[in-house]
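My questions will all concern the structure given below.
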Amino acid sequence: MTKPAFGRPIVPGFSPVKLVEVKANSKKKDLSSGAGNVANFAQSRALTITIRNGSHQPVSGVMVRWGVVKADFTTNKTAAYGKEENMDLRPLETRTLETPSVTATGKQWNYKANEGEKLLGHGVQVLIGDKVVAEEFSPPSVKPYFGDFILVEATK
């Protein structure tokens, strides 16, 4: 522990930036026109991410990495679709990010494997420099897909 010029001692490994909340805004639409063995669907997910600087000092170089993991059953590929957003936080600032939606469409069969795409989960990482200071994955099994993700542009 080292002592700053004023205020609390600096604890190694402690970060004043916290991931306060990750809220998934999910929608699923049934696109089927009638009864049968197949149900067509479209699902989308956007995230509302809240981070906070708990320090009385500004923090610069904060990066928020977010992604929604989508599986494509026709190509057997699974990837995270997301973005990295850089920011500086003022003392005691709380900031909320609204992400664009990631959409998947597919077919769900009663008697055979699904076709098309399906959303598997989401995750958020907060980094300062190259060090992860906070992260949340839902479900935890989607974490390996965050190594490389496909860039999502804002849709407005």
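Take the residues in the range 79-102 that are in a strand (DSSP E or B) and under 11 Å from the mean Cα position of the chain (by Cα), then tell me which one is surrounded by the fewest Cβ atoms within 10 Å (Cβ to Cβ).
E98
Note down all Cβ pairs under 7 Å where the first residue falls in the range 9-37 and is part of a loop (DSSP other than H, G, I, E, B), the second is among the charged types (D, E, K, R) and modelled with pLDDT under 65, and they're at least six residues apart or on different chains.
P9/K3
Something else about it: Is the range 107-116 home to any residue that is over 20 Å from K23 (Cβ atoms) and either within 12 Å of the chain's Cα centre (by Cα) or among the acidic types (D, E) (or both)?
Yes, the range 107-116 contains at least one residue that is over 20 Å from K23 (Cβ atoms) and either within 12 Å of the chain's Cα centre (by Cα) or among the acidic types (D, E) (or both).
Return yes when G123 is at pLDDT below 85, surrounded by 18 or more Cβ atoms within 10 Å (Cβ to Cβ), part of a strand (DSSP E or B) and in contact with an Asp or Glu (Cβ under 8 Å, 6 or more places away or on another chain) and no when it is not. It would help to see each step written out before you state the result.
Values: at pLDDT below 85: no; surrounded by 18 or more Cβ atoms within 10 Å (Cβ to Cβ): yes; part of a strand (DSSP E or B): yes; in contact with an Asp or Glu (Cβ under 8 Å, 6 or more places away or on another chain): yes.
Answer is no for this residue.
I'd like the residue in the range 14-43 that is among the charged types (D, E, K, R) and more than 30 Å from K131 (Cα to Cα) and, out of all such residues, is modelled with the lowest pLDDT.
Taking the candidates together, the pick is D30.
The values are calculated or read from the model by the stated rules, or taken from the named source; none is laboratory data. Quick caveat, the model's predicted, so the values are computed rather than measured. Neighbour counts run over all protein chains shown; Cβ positions are idealised from the backbone, glycine included.
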